[in-house]
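Undergrad: I have a structure I would like to understand better, so I am pasting it below and will then ask my questions one at a time.
Read-outs throughout are calculated quantities, based only on the coordinates presented, and are distinct from any laboratory measurement. If you're wondering where the values come from, they're calculated on a predicted model, not measured in any experiment. Virtual Cβ from ideal backbone geometry, glycine too; neighbours counted across all protein chains shown.
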Amino acid sequence: MKKALITGVTGQDGSYLAEFLLEKGYEVHGIKRRASLFNTQRVDHIYQDLHEENTRFKLHYGDLTDTSNLTRILQEVQPDEVYNLGAQSHVAVSFESPEYTADVDALGTLRLLEAIRFLGLENKTRFYQASTSELYGLVQEIPQKETTPFYPRSPYAVAKLYAYWITVNYRESYNMYACNGILFNHESPRRGETFVTRKITRGLTNIAQGLEKCLYMGNLASLRDWGHAKDYVRMQWMMLQQDTPEDFVIATGYQYSVRQFIEWSAKKLGIALRFEGDGVDEIGVIDAITGEDAPALKVGDVIVRVDPRYFRPAEVETLLGDPTKAKQQLGWTPKITAQEMCAEMVAEDLIIAKRHALLKQHGYQAPISIENYHG
Ligand code: NDP
Ligand code: GDR
């Protein structure tokens, strides 16, 4: 039975990857951080009671800033594959905590690679690094592919640049099977609440249920190549099953604006929008793809207000990936479109919003503070 170790197992990708590897018959080990509240919601459904025999999903307390802890876990587990998904992954937050972001995202990667080498596992353990389209930052070529020069635009991206190159360096220096997946934005109903897509689907479903009044947003013109996390974790695994380690861009090859994502979500909910503060005040939703008029207004005007607080000191305005290499060499194609993913996210968040509205109706506080998630 193959063993995999996942850092960041409690995150969006970690949870989908753990599910995927368990289905493939792996024994899956994950590193979770100690927190004062439970932080395993995304993997609770695959939790296996350790008191039972033959459990195949095991969690270890750990942190990417803690070398001895990482070394001990690697020694204990002796994994065939390590997926380094753990990171301070929020770009805007990285401007507020740049040093911590570098410690976790850059040095954390080095710590893992060095521990693999130190333990003499370099010929056994294959290593996947969660690299990112943020490396392209101020884009030098459209669309971006494996050979496009990098130009990072945030402390997060600069830290990930180090992680990218140290992975390449360990591959070249020590002949390790180590590779980078350069993944473009990917989302799902499990996406963190402060990333733009989830903030939109959560905000608009809350508004539709009368729980919030206004969606405060940053740069609506920003363009992203959005895929579904489920499609992308499959690719993370595929990259470690090749004869030779190589780096791959994973993207859909289609690009949309933040504003379009808001419009799709509103259309799905049948609500009308009014944008304020972005220089264009508009009433009504226009379907971004078909150009159809919006359905009739159902719950009153929903106001999307641009708030400069959500602008970043340096923005990545446009990202569009070229996944040709992954398609040709690995036969990978994404199955879920951005619009389908948006519909799924809206549907899931609507269920949560309805539950919260019901609690409120009966005088109870929603279990999660609605106000806490602007980011
Ligand atoms: P999430 O933010 O959802 O998950 C990050 C994970 O890292 C969480 O499990 C988190 O733990 C953990 N983590 C954070 N800090 C530490 C630390 N100091 N030590 C150990 N673990 C830590 O990210 P995603 O799942 O979306 O992304 C996975 C990886 O892929 C990240 O490295 C991200 O940078 C990268 N990436 C993501 C893309 C995307 O669009 N989603 C695109 C390209 C790259 P906790 O739950 O306790 O917070
Ligand atoms: P990103 O994702 O920075 O691309 O990083 P995010 O969803 O945070 O932002 C995407 C774009 O939307 C704009 N934006 C807003 N963003 C947020 N979070 N909140 C807002 O209110 C808002 N308004 C507009 C942003 O400015 C940006 O242009 C994600 C993370 O998952 C990284 O870890 C990963 O490496 C990259 O995707 C690929």
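Undergrad: Need one word for segment 3-183: rounded, prolate or oblate. Basis is the Cα gyration tensor (sqrt eigenvalues a ≥ b ≥ c); a/c below 1.5 gives rounded, then a/b vs b/c decides.
TA: Judged from the Cα gyration tensor, segment 3-183 comes out prolate (a/c at least 1.5, a/b above b/c).
Undergrad: Please arrange Met341, Met235, Met217 by counting, for each residue, the other beta carbons lying within 10 Å of its beta carbon, fewest first.
TA: Going from sparsest to densest Cβ surroundings: Met235, Met217, Met341.
Undergrad: Then there is this: Which semi-axes, in whole Å and largest first, does the equivalent ellipsoid of the chain have when worked out from the alpha carbon gyration tensor as the square roots of 5 times its eigenvalues?
TA: 36, 24, 19
Undergrad: Does segment 98-137 classify as rounded, prolate or oblate by the C-alpha gyration tensor (a ≥ b ≥ c root eigenvalues; a/c under 1.5 gives rounded; else a/b over b/c gives prolate, otherwise oblate)?
TA: Since a/c reaches 1.5 but b/c is at least a/b, the shape of segment 98-137 is classed as oblate.
Undergrad: Here's something else I'd like to know. About the Cα centre of segment 1-55, what is the dipole size in debye to 20, counting +1 per Lys and Arg Cβ and -1 per Asp and Glu Cβ, all else neutral? It would help to have the intermediate numbers written out before the result.
TA: On the way: 7 positive and 8 negative charges, 70 e Å.
The calculation lands at about 340 debye.
Undergrad: Let me ask you something else. List the residues, sorted by chain then number, that are 5 or more residues from Ser131 or on another chain and whose placed amide H is less than 5 Å from its amide H.
TA: Gly181, Leu183
Undergrad: Enumerate by residue number the chymotrypsin sites (Phe, Trp or Tyr not before Pro) in segment 26-71 meeting two conditions: DSSP loop (anything except H, G, I, E, B), and at most 16 other Cβ atoms within 10 Å of the site's Cβ.
TA: Passing both the DSSP loop test and the Cβ count: Phe38, Tyr47.
Undergrad: Here's something else I'd like to know. Given charges of +1 on the Cβ of Lys and Arg and -1 on the Cβ of Asp and Glu, with all other atoms neutral, how large is the dipole of segment 3-183 about its Cα centre, in debye to the nearest 20?
TA: The calculation lands at about 180 debye.
Undergrad: Now a separate question. Let me know the charge dipole size of the chain about its Cα centre in debye, to the nearest 20, where only the beta-carbon of Lys, Arg (+1) and Asp, Glu (-1) is charged.
TA: 560 debye
Undergrad: ³J(HN,Hα) across segment 129-145 via Karplus (A = 6.51, B = -1.76, C = 1.60, θ = phi - 60°), whole Hz, x for Gly/Pro?
TA: 10, 7, 8, 9, 5, 4, 4, 6, x, 7, 5, 9, 7, 10, x, 8, 10
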